[in-house]
Amino acid sequence: MVLEVERRDSVAVVTISAEAARNAFDSDSMSEISSTLNDLMDDSSVRGIVLTGTGRFFCAGADIEEFRRSIDDGRIGPLVDDLTSILHPLQIRMRTDPTILVAAINGAAAGGGLGLALACDARVASPDAKLAAAFFKLGLSADGG
């Protein structure tokens, strides 16, 4: 995953830029998102963070194809553990940190991507935004929101 970070005085704009993958994340890219946001929240010169995506997606959440493969080969438990052990502490920090976080929802926000948007203090959505909890179609319980 590619994250673009642009500083504008005391505001950081973080853009999830993996449009070919619907801005979805795996364990490595979820770690990158978490590390980047935590580093910015640790920086006392950053008073606000805007989180957005590129193209038609804000963030499609976890890579659904990876989920399907993991279900087929019996690795779904460890995969979910890996992702949630990164995502959930990040969301708790986002909700409790004094840094203002705004989700600029430019397109589809699904699953864990919707969870990231919900963890922000405010959400601004374009007319093209779509919100979806994809967990249910996979027979999974919702998390991250």
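The values are calculated or read from the model by the stated rules, or taken from the named source; none is laboratory data. This is a predicted model, so every value here is computed, not measured. Note that each Cβ is placed from the backbone with ideal geometry, even for glycine, and that neighbours are counted across all protein chains shown. Areas reflect the complete protein model, heavy atoms only, side chains present, ligands, DNA and RNA absent. Shrake-Rupley method; radii C 1.70, N 1.55, O 1.52, S 1.80 Å.
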With every protein chain present, what accessible area does L87 have (1.4 Å probe, heavy atoms only), rounded to the nearest 10 Å²?
10
Taking 0.36 nm per residue of separation and subtracting the Cα-Cα distance, what length does fully extending V124 through S45 add?
26.1 nm
Linear extension gain, A21 paired with A132, 0.36 nm per residue minus alpha-carbon span
38.3 nm
Solvent exposure, largest accessible area first (probe 1.4 Å, DNA, RNA and ligands not counted), of I86, I33
I86, I33
Zero-based 5 Å bins, Cα pair distances in the chain, whole percents:
2, 10, 21, 25, 21, 13, 6, 2, 1, 0
Residue span D97 to E4: 0.36 nm per residue of separation minus Cα-Cα distance leaves a gain in nm of 31.3 nm
Residues whose built amide H sits under 5 Å from the amide H of F57, excluding neighbours closer than 5 in sequence, are A108
Loop-resident trypsin sites (Lys or Arg not before Pro) in region 73-105 with no more than 16 other Cβ atoms inside 10 Å, DSSP not H/G/I/E/B, are R75
Percent relative contact order for the chain, counting Cα pairs under 8 Å at least six residues apart, stands at 23
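For a test of the definition: using alpha carbon positions, the gyration tensor, and the 1.5 limit on a/c, classify region 4-46 as rounded, prolate or oblate. Don't jump to the answer; show the numbers that get you there.
Working: a/c = 4.97, a/b = 1.68, b/c = 2.96.
Judged from the Cα gyration tensor, region 4-46 comes out oblate (a/c at least 1.5, b/c at or above a/b).
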Send over a whole-number figure in Å² for the accessible area per residue of the chain, probe 1.4 Å.
51
Looks like region 46-110, by Cα gyration tensor root eigenvalues a ≥ b ≥ c and the a/c under 1.5 rounded cutoff (else prolate when a/b is bigger than b/c, oblate otherwise), is oblate
Taking the chain as a Gaussian network, Cα atoms linked when under 10 Å apart, which of I92, I49, I100 shows the biggest mean-square fluctuation?
I92
When the Karplus curve 6.51 cos²θ - 1.76 cosθ + 1.60 is applied with θ = phi - 60°, which whole-Hz ³J(HN,Hα) does each residue of region 73-81 get, with x for Gly and Pro?
9, x, 9, 5, x, x, 5, 4, 4
